[in-house]
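Here the structure is laid out as C-alpha cells; the discussion comes afterwards.
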Amino acid sequence: MLSIASITPLHVVGAAIATSGLYLLGRCIYILYLHPLAKFPGPKLAALSDAWWAWMFTSGRGAQIMLDVHRKYGDVVRIAPNELSFSSVQSYFDIYGHAGSKSRAEGRFLKTEFYDLGAPRINTVRDPVVHARQRKALSHAFSAKALRDQEDVVQQYVDLFVKQLTRLGSAGKKAIEATEAYNWLTFDIIGDLAFGESFNAVADAKTHFWIAQIFDATQYMLVQQVIKRVPLLKYVESFLVPKGSGEKLQIHTQLSHDKALKRMQLGPDLRPGKEDFFGHMIRKGTITETEIAAQARVLILAGSETTATALSAITYYLLRNPACLAEVQKEVRGRFKAMDEITGDSAAGLKYVHGVIEEGLRLSPPVGSGLPRHSPGAVVDGHYVPAGVIVTNGNYEMARDPRYWHDPEAFRPERWIGEGYHDDKRASQPFSTGSRGCLGLNLAYLELRIIVAKIVFAFDFELESKHLGDWNDECKLYALWRKPKLFVKFHPVVSTAN
Ligand code: HEM
C-alpha cells in the first residue's frame with residue numbers, strides 16, 4: 001500500500017495517464033457500441049474521430065473515397081462520430097426534398113454550420129426564413145422573362161468564344177486548353193449578368209485576375225471550416241491550402257466590393273427593358289452595395305465554375321467516345337444550316353444534345369461533395385436519425401450506382417432519350433432538389449445547350465492530351481473540381497469570321 005508521503009511525481013503522472021487512458025477507452029466503447037449511431041457501419045476511425053472525415057474532405061479524392069465506402073459498407077455509412085452518409089434515391093428525397101414541402105423550420109433538414117462562410121448569402125444562409133426572403137428577392141433574376149432577356153448576353157459571348165477558338169487555335173492547327181477557355185466564357189457571361197460588365201476574359205483570351213483568386217480563395221474558406229471541426233489541423237494548415245490563399249480571399253472580397261459599388265452606380269436598367277441579376281432589387285431599393293457584393297460573389301462562383309466544369313467533362317467524354325461525338329454532330333448539323341439558327345428554344349429540341357449534357361452532369365457532377373444537413377429527428381430511407389446528427393447523400397455515388405443505372409461507368413447519352421435503358425433517372429441530381437436546390441438551373445441548361453450546340457456545329461474536335469487518364473481520377477475535389485489540362489484542337493467546319 002502507498003502512503004501519502006510515499007507518492008512521487010511519477011505516481012501522479014502514472015495516475016493521470018491511466019485515468020486518461022480509461023476515459024479514452026470508455027469513450028471509444030461508448031462511441032463504437034453504445035452511441036445512437038453505433039449500429040451504422042463504416043470505417044472504425046471515422047466513428048471514433050472527425051479526423052477520417054477531415055482526411056476524406058481535404059484529400060482531393062473525397063468523391064471517389066465516398067463511392068468506395070458506400071460500395072463497401074452499403075447505403076448508410078457512419079463517416080464521423082456524429083455524421084451519416086446515405087446513398088439511395090429514397091434518402092436523397094427524404095433529406096433534400098423535405099424542405100420544399102414544409103412551411104416551417106420544424107421537421108426540415110437544415111444546412112449545417114459548415115455553411116457559415118462569412119456574411120449569410122443565398123447559398124450559405126441557414127435560417128430558413130431569411131433564406132426564403134433572399135430567394136424570393138433573387139428569383140426575379142431567374143424568371144422565364146429574365147431568362148429570355150439573358151439569352152442575348154449568353155449568345156453574344158458564345159459567338160465571340162467560337163471566333164476566339166478559331167483565332168487562337170489558328171483554325172485547328174494549335175491546341176487550346178479547353179478547361180481554362182470554358183472558364184473565360186462562363187465567367188464573362190455571369191460577370192456581365194451580375195455586374196453589368198464583362199471580365200473580358202474571352203476577348204483577352206486570359207483568365208481575369210479576379211477569377212484567378214477564386215479557386216484558392218474557395219479552398220481556403222473550406223479548409224477553415226474543416227479546422228473548426230478538427231482544430232489540430234491548424235498546425236498543418238499550410239499543407240492543406242495553396243500558398244497565399246488567405247490573402248487571395250481578401251483580395252477577392254475587396255474586388256467584389258469594388259465591382260458591386262460600380263454596379264450600384266450603373267442603376268437598375270443595364271439593358272433597358274431587360275432583366276439582369278440585380279436590376280429589380282436596385283429599382284425597388286431592397287439591396288445594398290454590401291449585399292450585392294456578397295450575393296454577386298456567390299452567383300458568379302455558383303453560376304460559372306459549375307457550368308465550365310460541366311462543359312469540360314462533356315468535351316472530354318465526347319472526345320473519348322467518338323461514336324457519341326459523331327451522333328451529336330449528325331443531330332446538330334442536320335438540324336441547323338447556320339449558327340444564328342441556334343437559340344435556347346431551337347436547341348432545347350435536340351434530344352441527343354440533351355442526352356450528352358445530362359450524361360456529362362451524371363458522370364461528373366460539378367458539385368462533387370455531399371451537401372450536409374442536420375437531421376431534425378426523422379426517418380431517412382427507413383432509418384431513424386436522431387436530431388442534430390449531420391446527414392449527407394452524395395449525388396456522385398448515387399449517379400454511379402448499378403442498382404439505378406445500366407452500365408453506370410459508361411458515357412451513354414441515349415439513356416436520356418425516351419425510355420433509354422430504363423434507368424432510374426432520379427438517381428442523378430446534379431442541381432440538388434427542394435427549396436435549396438439550384439436557383440440557376442434554367443440558366444445553366446440554357447447556356448449548356450447553346451454552347452454545346454454551337455461548338456459542335458462549328459468545329460470538329462481532336463484530343464491533343466492523348467495520355468489523359470479517366471476524367472474523374474484526374475480531377476481533384478477541393479470544394480471545386482481542379483481539372484487536368486485538356487488540350488483540344490478545334491477544327492472549324494463552318495466560317496466563324498462574322
Ligand atoms: C451546371 C451548372 C450548375 C450546377 C451543377 C449547379 C448545382 C447546384 C447545387 C448542387 C446547388 C445546391 C448547393 C447546396 O445545397 O449547398 C446549387 C445551388 C445554387 N445555385 Fe447552382 N448549379 C449550376 C449553375 C448555376 C447557375 C448558372 C446559377 C446562377 C447564376 C446558380 C445559382 C445557384 C444558387 C443561387 C444556389 C443557391 C440556392 C439556394 O440555396 O437557395 N447555379 N447549385
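Set the Förster distance to 30 Å, then compute FRET efficiency between K351 and K274 from the Cβ-Cβ distance, nearest 0.05. Can you show the working numbers first?
Details: r = 30 Å, r/R0 = 1.01.
Approximately 0.50, to the nearest 0.05.
Which whole-Hz couplings ³J(HN,Hα) result when phi for each residue of the range 50-58 is put into the Karplus expression 6.51 cos²θ - 1.76 cosθ + 1.60, θ = phi - 60°, listed in order with x for Gly and Pro?
For the range 50-58, the Karplus curve yields 5, 4, 4, 4, 4, 4, 4, 6, 9 Hz.
Between S495 and K44, with labels modelled 7 Å along Cα→Cβ, what's the label distance in nm to one decimal, could you check?
7.3
Kindly give Rg over Rh for the range 35-492, based on alpha-carbon atoms, with the Kirkwood expression for the hydrodynamic radius. Working shown, then result.
Values: Rg = 21.7 Å, Rh = 22.9 Å.
Radius of gyration relative to Kirkwood radius: 0.95.
Please list, by residue number, everything in the range 15-36 whose backbone N is under 18 Å from a paramagnetic label point 7 Å out along Cα→Cβ of A387.
In the range 15-36, the label zone of A387 (backbone N under 18 Å from the point 7 Å along Cα→Cβ) covers 36.
Quick one: if the Förster radius is 45 Å, what FRET efficiency do L25 and V130 give, using the C-beta to C-beta distance and rounding to 0.05?
On the way: r = 44 Å, r/R0 = 0.98.
So the FRET efficiency works out to roughly 0.50.
Only counting other Cβ atoms within 10 Å, I'd like R283, R436, R335 sorted with the fewest neighbours first.
On the way: R283 13, R436 23, R335 17.
Ordered from fewest to most neighbouring Cβ atoms within 10 Å, R283, R436, R335 come out as R283, R335, R436.
Quick one: of the DSSP bridges fully inside the range 35-492, what percent are antiparallel, nearest 5?
Bridges in the range 35-492 that DSSP calls antiparallel: roughly 85 percent.
From the cross-link list K136/K248; K248/K483; K274/K476; K72/K485; K111/K425, which pairs have alpha carbons spaced over 28 Å apart?
Violating the 28 Å Cα-Cα cut-off are K136/K248; K274/K476; K72/K485.
In whole Å, largest first, what are the principal axis extents of the Cα atoms in the range 283-392?
On the principal axes, the range 283-392 reaches 57, 47, 22 Å in Cα extent.
How high is the FRET efficiency between T290 and R167 when r is their beta carbon distance and R₀ equals 51 Å, given to the nearest 0.05?
Approximately 0.80, to the nearest 0.05.
Please list, ordered by chain and number, the residues whose modelled amide H lies under 5 Å from the amide H of R482; skip anything fewer than 5 residues away on the same chain.
K476, L477
Determine, for each peptide in 446-456, 480-490, 199-209, the mean count of other beta carbons within 10 angstrom over its residues, then list the peptides with the highest first.
Taking the mean over residues of other Cβ atoms within 10 Å, the ranking is 446-456, 480-490, 199-209.
Relative to the first principal axis of the alpha-carbon coordinates of the chain, what is the inclination of helix 441-458, with its axis defined by its Cα atoms, in degrees from 0 to 90 and to the nearest 10?
Between the helix axis and the principal axis of the chain, the angle is about 50 degrees.
Straight distance only, please: which lysines reach the Cα of K243 with their own Cα at less than 17 Å, same-chain residues fewer than 8 apart left out?
K234
Since every read-out is calculated from the coordinates, none of them should be taken as a lab result. Just so you know, these numbers come straight off a predicted model, no measurement behind them. All Cβ positions, even for glycine, are placed from backbone atoms using ideal geometry, and neighbour counts span all protein chains on display.
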